[in-house]
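Novice: Please read through the structure below; I'll follow up with questions.
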Amino acid sequence: RNVYMWMALALVITAFTSMAIANSQQLITTLFSNSTYMIVLVVVQLVMVVALTAAINRIPFVLAGVLFAIYAILTGVTISSIFLLYTAESIASTFFITAGTFAIMSVYGYFTKKDLTSWGRILMMGLIGIVLASVVNLFMHSTMLTWIITYVGVVVFVGLTAYDTQKIKESIIQHGSHGVNDGTMKLALMGSFILYLDFINLFLKLLRIFGKRD
């Protein structure tokens with residue numbers, strides 16, 4: 001329950017942050033007139049992902065929650081441009097498509113008796129491929145490669161939603177035999193962070209496919 005509650009809270013923080021940025025002409029101009037700002041934001045987010053994942057068991061639960069909230073805010077800042085690129089209707093419809101797809105795959109991952117470990121290995125290789133291809137495409141500016149990354153990304157993050165849900169469930173069951181404690185709370189928080197990343201990435205990939213340009 002806490003996994004999905006914290007994930008939903010993080011999505012709300014991201015949504016309100018991105019809308020607030022998009023509604024401020026001064027902030028939009030400042031952020032997107034100089035690519036350095038966005039590069040710094042993206043690098044900070046990557047560092048936070050690595051740091052939170054590595055340090056989750058060594059830092060207080062409250063600090064981990066604060067870092068998650070800060071990450072959600074930064075994500076809202078970096079994706080605020082979608083409100084300038086796409087119509088509000090297509091953003092809303094894509095969000096509901098993402099939510100429905102996410103819910104179906106998460107329910108599947110939670111209830112299936114099939115071991116999805118083999119999925120995980122394939123999906124992680126796909127994720128690494130997407131990252132490398134995206135870096136290469138920063139220099140190539142290939143439209144075809146962009147669309148390949150987009151469609152492969154949809155498949156990868158749909159699969160990861162089910163795989164991550166199963167692994168989170170198994171981890172919490174394994175460590176939660178003594179009831180709710182600091183360790184299980186951190187596991188739930190980390191689980192919500194992982195599923196949050198799956199949701200955001202799936203949403204952005206689907207928005208590229210279904211979004212109508214403003």
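Novice: First measure r as the distance between the Cβ atoms of Ser118 and Val66, then evaluate 1/(1 + (r/R0)^6) with R0 = 35 Å and state the FRET efficiency to the nearest 0.05.
Specialist: My answer for the efficiency is 0.45.
Novice: Taking every pair of alpha-carbon atoms in segment 71-168, what share in percent sits in each 10 Å bin, from 0 to the bin with the longest distance?
Specialist: 14, 32, 41, 13, 1
Novice: Also: Counting alpha carbon pairs within less than 8 Å and at least 6 residues apart, what relative contact order, in whole percent, applies to the chain?
Specialist: Relative contact order here is 33 percent.
Novice: Along Cα→Cβ, 7 Å out, is where each label goes; now give me the distance between the ones at Lys169 and Arg1 in nm to one decimal.
Specialist: 1.8 nm
Novice: Quick test of the membrane-span-like rule: which DSSP H helices of the chain reach at least 15 Å along their long axis (C-alpha atoms) with mean Kyte hydropathy at least -0.5?
Specialist: Answer set is 2-22, 35-55, 61-78, 88-111, 117-140, 143-175, 182-210.
Novice: By how many nm would the segment from Thr36 to Ala99 lengthen if fully extended, with 0.36 nm per residue of separation less the alpha-carbon distance?
Specialist: Extending this stretch completely gives an extra 19.5 nm.
Novice: Something else about it: Return the aspartates and glutamates within reach of Lys167: Cα separation strictly under 18 angstrom, same-chain partners fewer than 8 residues apart disregarded; answer none if there are no such residues.
Specialist: Asp115, Asp198
Novice: Evaluate the chain: find the radius of gyration of its Cα atoms, find its Kirkwood radius, and give the ratio Rg to Rh.
Specialist: 0.96
Novice: Further question: For segment 75-214, what is the accessible area per residue in Å² when the probe is 1.4 Å?
Specialist: 53 Å²
Novice: Something else: Segment 45-105: D in µm²/s via Stokes-Einstein (Kirkwood Rh, Cα pairs, 4 °C, 1.567 mPa s)?
Specialist: 94 µm²/s
Novice: With just the Cα atoms of segment 153-214, tell me how far they stretch along each of the three principal axes, in Å, largest first.
Specialist: Rounded to whole Å, the extents work out to 52, 20, 10 Å.
Novice: If R₀ is 25 angstrom, what is the calculated FRET efficiency for the pair Val44 and Ser134, using the beta carbon separation as r and rounding to 0.05?
Specialist: So, using R0 = 25 Å, E works out to roughly 0.90.
The values are calculated or read from the model by the stated rules, or taken from the named source; none is laboratory data. Values in this document were obtained by computation on a predicted structure and should not be read as measured data. Ideal geometry is used to build each Cβ from the backbone, glycine not excepted, and the neighbour counts take in all protein chains shown. Surface accessibility is based on the protein's heavy atoms, side chains included, excluding ligands, DNA and RNA. Shrake-Rupley method; radii C 1.70, N 1.55, O 1.52, S 1.80 Å.
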